[in-house]
Amino acid sequence: MAKNKRVRTKKREEPTPEEPEPKPLWERLLSGPRFVVVTVLTVAIGAAVPKVIDMTANSVLPEVHAIAMEDDQVTKDWSKSSPDVIAPDMVAGLVRGEQMFGNPKVAARLVKTGMQGVRLVIEGSRNEAVRIIGMRARVHRTGPVVAGTYFKFGPQGEEDSVQVGFDLRSPQPLARDVLDKADVHLGGFYFGGRSVVLKKGESKVYDVTAIAGPFTYEWDIQIDLAAQGRTWSIYRPERPLVVSGKATKYAAAYELDLAGDLNRWVPLKGTGL
């Protein structure tokens, strides 16, 4: 008779009890003695915040604020040209009230010609003084002059506020002194023997004249700065400016007649470009 075999059965393992989920941090911090510690830390941090902001303000804020905008008042010259050939009958209706170019479609195609005025405002924004040590024009791109229709108006006498000029024909168009403000003749380098210090809240206004050569130029202004043993550059405006040199010949040319009660564009006679 066969012996009964004793079958061993594996003891069933009891499931490991799940650990309770940790309480949220805020709940743990607000229980027991920790609450006192956190309260003290909060007070201490709150007292330190103004000091932290004061210490880091100089690194958070930009060194200067700078704005550059095209402004024909700088040069008293509003001369522009269009790639289109504009007939006299359309030109006759361009002046509308205070607007020399009252037709938006015509105005959208015009390019400043000959020279371009830019008003540049630089303001210090750091506690430490910032020094302006240089300024130059950066030419991004050149192309053929705009030679469709030329509208001549200016310059109209002397402009006292012009301070610096750029010769866009130069391989190094650094800021230069303006010697003859009526005819815009440039002299030596403006920052050759000088620099300008800006303290927090102080501002400097530069009326810049850019003189175009035999091309159309897309350009902006590089401003070189120095403070605390380092130098760097910023660039204004955000979008490049555009100015065309004068063409040797235009398909059509007009000048603004201010003699009568009504201003009007009339055909430009001779070679008065």
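The values are calculated or read from the model by the stated rules, or taken from the named source; none is laboratory data. What you see is a predicted model, and the numbers here were worked out from it, not measured in a lab. Here the Cβ positions follow ideal geometry from the backbone for every residue, glycine too, while neighbour counts run over all protein chains shown. Side chains are part of the model used for accessible areas, which takes the heavy atoms of the whole protein and leaves out ligands, DNA and RNA. Shrake-Rupley method; radii C 1.70, N 1.55, O 1.52, S 1.80 Å.
Looking across region 72-87, the residues that are modelled with pLDDT under 95 and open to solvent by 30 Å² or more (accessible area, probe 1.4 Å) come down to Gln73, Lys76, Trp78, Ala87. Counted as qualifying within region 106-149 are the strands (runs of 3 or more DSSP E) with 2 or more residues that are under 17 Å from Pro173 (Cβ atoms), namely 115-124, 130-143.
Return yes or no: is Val146 at pLDDT 95 or above, surrounded by 19 or more Cβ atoms within 10 Å (Cβ to Cβ) and in contact with a strand residue (DSSP E or B) (Cβ under 8 Å, 6 or more places away or on another chain)? Yes: the conditions hold for Val146.
Listed conditions (1) in contact with a Phe, Trp or Tyr (Cβ under 7 Å, 6 or more places away or on another chain); (2) free of Cβ contacts under 8 Å to residues at least 12 places away in the same chain are all met by Asp220, apart from (2). Would a scan of region 88-100 turn up a residue that is in contact (Cβ under 8 Å) with a residue 24 or more places away in the chain, small (Gly, Ala, Ser) and open to solvent by less than 10 Å² (accessible area, probe 1.4 Å)? The answer is no, given that none of the residues of region 88-100 is in contact (Cβ under 8 Å) with a residue 24 or more places away in the chain, small (Gly, Ala, Ser) and open to solvent by less than 10 Å² (accessible area, probe 1.4 Å). Every condition in (1) more than 25 Å from the chain's Cα centre (by Cα); (2) in a strand (DSSP E or B) is met by Tyr250 except one, and the failing one is (2). Residues in region 202-223 that are closer than 16 Å to Leu120 by Cα and in a loop (DSSP other than H, G, I, E, B): Glu202 only.
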